Amino acid sequence: MSTSAELKKSDNLFIHPWDDIVKIGGHERTLLDRGEGVYVYDSEGNRLLDAPAGMWCVNIGHGREEMAQAVYDQIMALTYVSPWSMTTGPAAEFAAQIAEQSPGDLNHVFFTTGGSTAVDSALRFVQFYNNIRGLPNKKHIIAQKKGYHGSTYLCGSVSGKARDKSHLDFETRWVHHIESPHPLHRPAGQSDAEFLDACVANLENMIDQVGPENCAVFVAEPIQASGGVIVPPDGYHKRCLEVCRRHDMLYLSDEVVTAFGRLGHCFASQDVFGITPDIITTAKGLTSGYIPMGAFLVSDRLIQEVKERGGDSAVFSNGFTYSGHPVAAAAGIKNLEIIQREKLFEQARETGPYLQQQMQSLRDISIVSDVRGMGLMACVECELEQGSDDLEMDLEIGKRIDRHCQAMGLIVRPIINMCVMSPPLTITRSQIDEMVAILRKGIIAAMQEVSDQRAGNESLAQRHSSPAA
Ligand SMILES: Cc1ncc(COP(=O)(O)O)c(C=O)c1O
């Protein structure tokens with residue numbers, strides 16, 4: 001058995017997502033050993049409240065024995081078969097269960113290995129669909145700035161987070177981004193209704209610019225998650241869906257984060273935002289992160305159209321060795337069983353508003369520039385200088401808050417200067433209190449530290465500039 005110190009050293013051979021390659025060899029990441037409920041424990045035995053639920057994924061909480069048993073049972077029964085030519089009970093059963101939970105006629109399920117492959121596969125399905133319809137030019141994808149849709153070449157291109165666009169290449173011929181419908185960016189004096197109109201006009205204008213005959217799909221998260229929990233104005237998704245319908249465009253709702261309970265429902269598109277999109281992508285909460293899996297759901301309408309127009313055969317040549325993996329599907333079935341038995345969607349509908357209310361109490365801290373969210377997704381944004389867009393400064397404050405909170409028992413995992421809370425659905429009110437109390441102390445400690453350091457630098461500068469005595 002390697003010691004913690006040896007493991008931390010070996011970890012420098014593991015290139016992590018979004019790793020700073022220049023700094024490889026010098027990274028020191030917290031080594032986590034185990035988890036239980038909403039808590040995880042590091043290699044020194046410290047207990048940490050897992051506010052991001054891993055990465056918006058451990059919806060049923062950590063360390064569920066019955067989940068381990070379900071996974072074990074499936075491995076012992078049958079580990080794997082090729083999904084090309086065979087199927088398994090868990091994959092077929094899980095597809096039927098998802099279809100039962102999904103809105104409208106989104107009854108067909110394409111299983112993938114995670115969220116990126118779900119979005120990528122869904123976008124390839126859109127291209128396939130239009131090719132079958134004899135509309136090969138209808139390929140352009142309209143997405144949103146600040147959106148995140150994953151890390152394959154196509155998903156990375158469709159993602160619209162400006163700060164992720166350095167040093168890599170992207171598909172630009174077919175991908176267009178409109179402004180994020182971020183209420184913080186509403187110009188002064190504009191009413192809610194005018195702001196909504198302006199956000200929808202951004203989509204219409206982009207369609208006009210690209211040409212409706214070329215536009216295939218609009219891609220949007222119900223709430224932009226990694227973009228910083230951006231809740232669009234009321235009615236935004238409905239209006240955008242109407243625009244899509246008018247221009248024969250599909251609507252892809254990326255529910256990789258929002259599905260499976262984060263907003264108190266299995267899928268948020270219909271139950272929270274009142275739309276039935278053409279395609280929904282999901283991952284993360286689908287198995288609560290116990291085993292990697294993703295999926296896209298597609299409407300009967302689209303499948304029927306392909307059947308009618310596909311002639312003798314229309315092969316969708318897209319898929320993965322692990323599509324519908326029986327062990328992942330068994331985890332998915334158990335996950336849904338636990339959620340339903342423990343009424344976790346209902347619990348999230350009750351604790352979500354409480355989380356939002358408690359988070360709002362942080363507004364009195366001077367560096368807090370915004371607090372926003374919905375359900376069990378919340379974000380507190382901090383700025384050392386209000387209105388500044390200085391990346392270094394934003395990274396600095398985020399890192400300091402993270403360090404202080406972790407020392408006090410809370411994982412924050414800030415997205416730059418945005419502390420995003422998306423705890424397991426099992427979180428209780430008293431655990432929410434604990435989370436928000438530590439967050440408050442962590443933000444204040446980070447703010448104090450920066451101010452002390454600045455004061456120190458100033459007096460040092462004064463000493464250097466004053467003539468020698
Ligand atoms: C909305 C959304 N879509 C897609 C993805 C990509 O999922 P994965 O990291 O499982 O590939 C993410 C990941 O955070 C996401 O938040």
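The values are calculated or read from the model by the stated rules, or taken from the named source; none is laboratory data. All figures in this text were calculated on a predicted structure; none of them were measured in a lab. FYI the Cβ positions are ideal-geometry reconstructions off the backbone, even for glycines, and counts take in every protein chain you see. In case anyone asks, the SASA skips ligands and DNA or RNA and just uses the protein heavy atoms, side chains included. Shrake-Rupley method; radii C 1.70, N 1.55, O 1.52, S 1.80 Å.
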Check: Within the bounds of the stretch 366-384, is there any residue that is crowded, with 17+ Cβ neighbours inside 10 Å and over 26 Å from Pro181 (Cβ atoms)?
Finding: yes
Item checked: Out of Gln190, Gln209, sole residue that is in contact with a helix residue (DSSP H, G or I) (Cβ under 8 Å, 6 or more places away or on another chain), outside any strand (DSSP E or B) and either surrounded by fewer than 20 Cβ atoms within 10 Å (Cβ to Cβ) or not assigned by TED's automatic domain parsing to the domain that holds Asn131 (or both) -> Gln190
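Answer yes if at least one residue in the stretch 221-240 is in a strand (DSSP E or B) and out of contact with any His (no Cβ under 9 Å at 6 or more places or on another chain), and no otherwise. Break it down into steps so the answer makes sense when it comes.
Residues of the stretch 221-240 that are in a strand (DSSP E or B), as a first pass: 224, 230.
Now narrow it down to the ones that are out of contact with any His (no Cβ under 9 Å at 6 or more places or on another chain): none.
Among the residues of the stretch 221-240, not one is in a strand (DSSP E or B) and out of contact with any His (no Cβ under 9 Å at 6 or more places or on another chain), which makes the answer no.
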Note to self: Yes or no: the stretch 74-88 includes at least one residue that is within 30 Å of Ile415 (Cα to Cα), touching a residue at least 60 places away in the same chain (Cβ under 8 Å) and open to solvent by 40 Å² or more (accessible area, probe 1.4 Å).
What the structure shows: no
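Quickly run through the stretch 107-138 and pick out the residues that are within 11 Å of the ligand (Cβ to nearest atom), in a helix (DSSP H, G or I) and open to solvent by 20 Å² or more (accessible area, probe 1.4 Å).
Ser116, Thr117, Asp120
Please indicate, with yes or no, whether at least one residue in the stretch 207-218 is within 16 Å of the ligand (Cβ to nearest atom) and touching a residue at least 40 places away in the same chain (Cβ under 8 Å). Reasoning before the result, please.
Within the stretch 207-218, the first condition is being within 16 Å of the ligand (Cβ to nearest atom), and the residues that meet it are 217-218.
In the following step, the residues that additionally are touching a residue at least 40 places away in the same chain (Cβ under 8 Å) were identified as 217-218.
Checked the stretch 207-218: at least one residue is within 16 Å of the ligand (Cβ to nearest atom) and touching a residue at least 40 places away in the same chain (Cβ under 8 Å).
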Note to self: Suppose the filter is part of a loop (DSSP other than H, G, I, E, B), more than 17 Å from Arg403 (Cβ to Cβ) and of a type outside the set (A, V, I, L, M, F, W, C); does Gly45 pass it?
What the structure shows: yes
Notebook entry, point to check: Taking Ile141, is it more than 16 Å from the ligand (Cβ to nearest atom) and either without any contact (Cβ under 8 Å) to a residue 24 or more places away in the chain or open to solvent by less than 60 Å² (accessible area, probe 1.4 Å) (or both)?
Noted result: no
